[in-house]
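Remarks on the structure that follows.
The values are calculated or read from the model by the stated rules, or taken from the named source; none is laboratory data. No experiment lies behind these values; they were computed from the predicted model shown. As a convention, Cβ positions derive from the backbone with ideal geometry for all residues, glycine included, and neighbour counts pool all protein chains shown.
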Amino acid sequence: MLGLSLSVGTLLWMDLRLLGVGRMRRQPISKISATLLPWGMAGFLVMFVTGGLLFWSQALDAYNSVYFRIKIALLLLAGINAAVYHLTVYRRMHEWDLSPVPPLAARIAGLFSLLIWAGVILAGRTMAYSLAHFN
């Protein structure tokens, strides 16, 4: 839960800023990103290690779960969304860093990120419930 809180929690803040929502509108996105990125990466590392151990303990059950497959697909989609953001919109951040409302492409990336990560969490929790319920 700590890894999830660190990783997705920092992404939530960043995505909300990309959407131009909340009190952080006055803060440069570059400053928020630089502050949150180390914490988010640490959380992702914790989630990756503990998730790998959880998968290892019930690999066959997890692999046969439709929710596991949905979760993996969404994780891949999250990676693609992040890569597209960093390779396109992020490279031009100097043009819109101080803007209270970022350009449409940044807002779309933030919205997709929020939706995808909500789906990852939902699929993961549903998978955990369904595996525990049937074992």
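Just a few scattered comments:
- Test: residue in region 64-83 that is in contact with a Leu (Cβ under 8 Å, 6 or more places away or on another chain) and farther than 21 Å from Met1 by Cβ: no
- Residues in region 56-104 that are under 22 Å from Val8 (Cβ atoms) and either of a type in the set (Gly, Ala, Ser) or touching a strand residue (DSSP E or B) at 6+ places or on another chain (Cβ under 8 Å) (or both): Ala62, Ser65, Ala73, Ala78, Gly79, Ala82, Ala83.
- Count of region 18-60 residues which are touching a Lys or Arg at 6+ places or on another chain (Cβ under 9 Å) and either on the phi > 0 side of the Ramachandran plot or without any contact (Cβ under 8 Å) to a residue 12 or more places away in the chain (or both): 3
- Region 10-34 - residue that is surrounded by 14 or more Cβ atoms within 10 Å (Cβ to Cβ) and over 14 Å from Gly110 (Cβ atoms) and, of those, modelled with the lowest pLDDT: Gln27
- Listing of helices (runs of 4 or more DSSP H) fully contained in region 49-135 that carry 2 or more residues being among the basic types (Lys, Arg): 66-87, 104-134
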